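Participant: Structure provided below as structure tokens; questions to follow.
The values are calculated or read from the model by the stated rules, or taken from the named source; none is laboratory data. Quick caveat, the model's predicted, so the values are computed rather than measured. Please note: Cβ atoms are built from the backbone with ideal geometry, for glycine as well, and neighbour counts cover all protein chains shown. Note: areas computed on protein heavy atoms with side chains; ligands, DNA, RNA excluded. Shrake-Rupley method; radii C 1.70, N 1.55, O 1.52, S 1.80 Å.
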Amino acid sequence: MDLFWIKTLAHSSFQNGRWQLDNPHEIKAHNKMAVIGTINEIYQDLVLSVNTYNEYVDQAKRLKLLPIYCDQEHHMKGFVVMIKNLQIRLERSGAKMEAILESTLGFRQHRERVHVFEARMDALGGLSWIMDSSSVMTHEMIVKQLLHDLCSTAFEIKPR
């Protein structure tokens, strides 16, 4: 639950069709930190998801998860989830995250951008991610989408 949003709602008033905020600078700072922290939150959800998945899958189909850190700053900017010769990478740049699917078959490498997630903030500091300019996504939905894309692609390209 987004308790910051609830607290902001409690301290705000609605006049002439707009929210009047007690401290708009605090909301702006919160919004920035929420966007930056999203990758880490999704990564933490993925740690649990990958561990659970790996408990129930054959050894040959196990997933691996690796963080990607910023060089200049000391926070995570993305991560890679892998299965065999296939990986999906999610990286944040500003208020956008891109999911890139990469595979290696023989000596050919294939790289495809599969999703773009754009941050949207409401007037009270609530963060939503819009996938491919159409679907509102929660962190849990982003995790499920990434795992679905990775595993379904791995199944489709497996050798026959």
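Participant: To the nearest Å, what is the center-to-center distance of segment 1-24 and segment 112-136, using C-alpha atoms only?
Facilitator: Distance between centres, Cα-based: 21 Å.
Participant: Between Ser134 and Arg113, what is the spin-label point distance in nm, taking each point 7 Å from the Cα along the Cα→C-beta axis?
Facilitator: 1.7 nm
Participant: Tell me the relative contact order for segment 61-156 as a rounded percent, counting alpha carbon contacts under 8 Å between residues six or more apart.
Facilitator: With pairs under 8 Å counted, the relative contact order is 17 percent.
Participant: Right, another one. So what is the relative contact order for segment 22-113, in percent, with contacts set as C-alpha pairs under 8 Å and at least six apart? Could the numbers behind the result be given before it?
Facilitator: On the way: 114 pairs, mean separation 14.9, N = 92.
Reported relative contact order: 16 percent.
Participant: Right, next: Putting +1 on Lys and Arg Cβ atoms and -1 on Asp and Glu Cβ atoms, find which of Val50, Phe107, Ala10 reaches farthest to the positive end of the dipole of the chain.
Facilitator: So the residue furthest toward the plus end is Phe107.
Participant: Using the Cα centre of the chain as the reference point, and only Cβ charges (+1 on K/R, -1 on D/E), how large is the resulting charge dipole? Debye, rounded to the nearest 20.
Facilitator: Computed about the Cα centre, the dipole is about 440 debye.
Participant: Taking the highest mean first, how do the peptides 112-124, 59-71, 76-88 order by number of other beta carbon atoms within 10 angstrom per residue?
Facilitator: Ranking, from highest mean packing down: 76-88, 112-124, 59-71.
Participant: Where nothing but the Cβ of Lys and Arg (+1) and of Asp and Glu (-1) is charged, how large is the charge dipole of segment 61-156 around its Cα centre, in debye to the nearest 20?
Facilitator: So the magnitude is around 400 debye.
Participant: If contacts are Cα pairs under 8 angstrom and at least 6 residues apart, what is the relative contact order of the chain in percent?
Facilitator: It rounds to 18 percent for the chain.
Participant: How many nm is it between the label spots at Asn23 and Leu65, if each spot is 7 Å from the Cα in line with the beta carbon?
Facilitator: Going from the Asn23 label point to the Leu65 one covers 3.3 nm.
Participant: Between Glu156 and Lys32, how high is the FRET efficiency from 1/(1 + (r/R0)^6) when r is the Cβ-Cβ distance and R₀ = 30 Å? Nearest 0.05. Display every interim value, and only then the final one.
Facilitator: Details: r = 39 Å, r/R0 = 1.30.
The computed FRET efficiency comes out at 0.15.
Participant: Hey, can you find the accessible area per residue of the chain for me, probe 1.4 Å, expressed in square angstrom?
Facilitator: 66 Å²
Participant: Give me the extension gain from Lys96 to His11: residue separation times 0.36 nm, minus the current Cα-Cα distance, reported in nm with one decimal.
Facilitator: Extending this stretch completely gives an extra 27.7 nm.
Participant: Let me ask something else about it. Once every DSSP H run of n ≥ 4 in the chain is given -39500 (n - 2.57) and the sum is divided by its residues, what mean residue ellipticity at 222 nm do you get, rounded to the nearest 500 deg cm²/dmol?
Facilitator: -13000 deg cm²/dmol
Participant: What is the sum of charges around Ala99, taking Lys and Arg as +1, Asp and Glu as -1, for the other residues whose C-beta is under 12 Å from the C-beta of Ala99? Could the numbers behind the result be given before it?
Facilitator: On the way: positive: Arg89, Arg92, Lys96, Arg111, Arg113; negative: Glu91, Glu98, Glu102, Glu112, Asp132, Asp149.
With Lys, Arg at +1 and Asp, Glu at -1, the neighbours total -1.
Participant: Also: Within the accessible area of segment 61-156, what % is carbon and sulfur when the probe is 1.4 Å and the other protein chains stay in place?
Facilitator: Taking all protein chains in place, segment 61-156 shows 51 percent carbon and sulfur surface.
Participant: Then there's this: Please enumerate, by chain and number, the lysines with C-alpha under 24 Å from the C-alpha of Lys32, excluding those fewer than 8 residues away in the same chain.
Facilitator: Lys7, Lys77, Lys96
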